[in-house]
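Just so it is clear, none of the values below were taken in a lab; they were calculated from the coordinates. Remember, predicted model here, so these are calculated numbers, not experimental data. Cβ atoms come from the backbone with ideal geometry, glycine included; neighbour counts cover every protein chain shown.
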Protein chains: 2
Amino acid sequence: MTSRAPIGVFDSGVGGLTVLKALVAQLPRERFVYLGDTARLPYGTKSPETVVRYALQAAQALADFGVKCLVLACNTASATGLGAVSERIREVPVIGVIEPGAEAACRASRSGHIGVIATEGTVRGGAYQDAIVRRRSDARVSAVPAQLFVALAEEGLCRGPIADSVARHYLEPLFNSGTGSRPDTLVLGCTHFPMLAQSIRAAAGPDVCIVDSAETTAHYVRQTLESQNILARDAEGGLRLLATDAPERFARIGARFLDRPIGPHEVELVDL
Amino acid sequence: MTSRAPIGVFDSGVGGLTVLKALVAQLPRERFVYLGDTARLPYGTKSPETVVRYALQAAQALADFGVKCLVLACNTASATGLGAVSERIREVPVIGVIEPGAEAACRASRSGHIGVIATEGTVRGGAYQDAIVRRRSDARVSAVPAQLFVALAEEGLCRGPIADSVARHYLEPLFNSGTGSRPDTLVLGCTHFPMLAQSIRAAAGPDVCIVDSAETTAHYVRQTLESQNILARDAEGGLRLLATDAPERFARIGARFLDRPIGPHEVELVDL
């Protein structure tokens, strides 16, 4: 693998663009190919078998671009499909969002009580719980599905009274139950959730450390490329955006997640 | 077609169960086969080409059960795919939810100003707007996408402060803008929305006539079967539930929509 090969980033839709945004910020000289499987989202409510099948197809499509590294920027795909994808795509490092997030949470937590909010599928699969306890056997993990945050982020309702009341709905039982200990660290275990950081922060309280798995994953990708000596240097960065359906919608909604305008012709339609 | 053949009902997921519930109530002696394409939902954000392709596959799968009537209990599939499905499945009546809803709204409205709330895809496709204006050339249609209602209904947050504030978010610009006329009739143009009827009613106001397209479609199906003399009489009703993914989730969430418990083994997994 050469340093000039692109980095492949895969997500079920636009959510992974928060990971891409963090990657571009930390690795501005890299070229990226982002694939959003918009035709088949959401993955969070699908069965493990289906998610693995979709993730393998998407990973192969990105591998065909000659990528030097593959990022599963989708919590559900990382939780369910990382093993299968790593076995299939053996030539390059395959990085999910779960392990870096779990690692950061274990480092950040003093009490060992860690909260995780994620989609229904990610919580049910238990991947964050497993990854945290593997690192810290004393950890206590409280995982809560917070499915509505996805719809709020896609609808652009990231701030204001609705986002605040939904955040309280999910987080009050975790942080203000009045009984037992409360987590000192909260993992945003879905790529959509950083969009609602302000409301989540308000509901969790100012003393809670919030771990954004987009940031931590980007940091881990940088470390991996450095250790393998395939970091792009003195080159111009670039980005190709691919979607399996509705490129206009991808451009419109994705612009909020990527935090820059996306032209409708900037998104290429691909079939998996 | 004999009167003992089943009625096929198709939706992208569990939303169409509100239509099925209305059908079972109005036609208790019929046998139904319901197919939820849970592997590929939601349709509301997909491109028209993709929706047509999926609707044709699902319609064919139901036709293979020897149905005497096919109901597209999905607004997006009705709006986009009714023509293509009717052309493909010529032997039996194919009924969508748009036309019965538009018909009922045109009858109910005195002023001719009709509000429609639906998914993004249904609003953008303009099917309700077209179907209403075709019947009443004097009508003025205000259509508003209300995508979050889908997530709220699936999450079971159908009543309470969050549902109320989301309903106000979508409906206040329509009913309390302070300028111009307000609709006297509101069409619930998505099968999920009857679940939130209470919050929608509170936000729209007590004087607005709310048209539930599940009820109106069931009524139209009954009329069609009567006119073709294929209504089941003196027989025992029945129901088969099919889903393309995650039957346990279908059973758990669907029970709220169908308003009766669904056993996990009651839902058969099928591939399209």
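Please report A:His265, A:His192 as a ranked list, fewest other C-beta atoms within 10 angstrom at the top and most at the bottom.
Final ranking by Cβ density, sparse to dense: A:His265, A:His192.
At 7 angstrom along the Cα-to-beta-carbon line, where would the label on B:Pro48 sit relative to the other copies? Give the distances in nm, shortest first.
Once sorted, the set of distances for B:Pro48 reads 4.2 nm.
Using the alpha-carbon atoms, what tilt in degrees (0 to 90, nearest 10) does helix A:48-63 show relative to the longest principal axis of chain A?
40
How big is the gap, in Å, between the Cα center of the range B:245-262 and the Cα center of the range A:117-137?
25
Going through the range A:1-108, which trypsin sites (Lys or Arg not before Pro) have at most 11 other Cβ atoms within 10 Å and a DSSP loop state?
A:Arg90
What is the distance, in nm, between label points placed 7 Å from the Cα along the Cα-to-Cβ direction at B:Ser181 and at B:Asp259?
With each label point 7 Å from Cα toward Cβ, the separation is 3.3 nm.
Treating the angle as unsigned and between 0 and 90°, give the value, to the nearest 10°, between the Cα long axis of helix A:17-26 and the longest Cα principal axis of chain A.
The answer is roughly 70 degrees.
For chain A, what percent of Cα pairs sit more than 33 Å apart?
Counting every Cα pair in chain A, those more than 33 Å apart make up 16 percent.
In deg cm²/dmol and to the nearest 500, what is the mean residue ellipticity at 222 nm of chain A if only DSSP H runs of at least 4 residues count, each as -39500 (n - 2.57), divided by the residue total?
-14000 deg cm²/dmol
I'd like the distance separating the alpha-carbon centroids of the range B:38-87 and the range A:35-67, in whole Å.
24
How many nanometers, to one decimal and shortest first, lie between the label point of A:Glu87 and those of its other copies, if labels sit 7 Å from Cα toward Cβ?
Copy-to-copy label distances for A:Glu87: 4.4 nm.
Within chain B, which is the longest segment containing none of the GluC sites (Glu not before Pro) that sit in a DSSP loop and have at most 16 other Cβ atoms within 10 Å?
Longest stretch, sites excluded: B:92-235.
Name the chain A residue with the Cβ nearest the axis that maps A onto B: which is it, and what is the distance in angstrom?
That would be A:Ala151, 2.
Using 0.36 nm times the number of residues separating B:Asp271 and B:Glu248, minus their current alpha carbon distance, what extension gain do you get?
6.7 nm
How far is B:Ala255 from the same spot in each other copy, in nm, shortest first, if each label point sits 7 Å from Cα toward Cβ?
Label point to label point, same position, other copies: 4.4 nm.
Between A:Ala25 and A:His219, what length comes free when the chain is fully extended (0.36 nm per residue of separation minus the Cα-Cα distance, one decimal in nm)?
68.8 nm
Viscosity 0.692 mPa s, temperature 37 °C: what is the translational diffusion coefficient of the protein assembly as shown from Stokes-Einstein with a Kirkwood Rh over Cα pairs, rounded to a whole number of µm²/s?
The Stokes-Einstein estimate is 134 µm²/s.
Relative to 2.2 N^0.38 Å, what does the C-alpha radius of gyration of the range A:99-213 come to as a ratio? Two decimals please.
So the range A:99-213 has a normalised radius of gyration of 0.98.
Report, to the nearest 10°, how far helix B:75-88 tilts away from the longest principal axis of the Cα atoms in chain B, using its own Cα long axis and a range of 0 to 90°.
Result, in degrees: 40.
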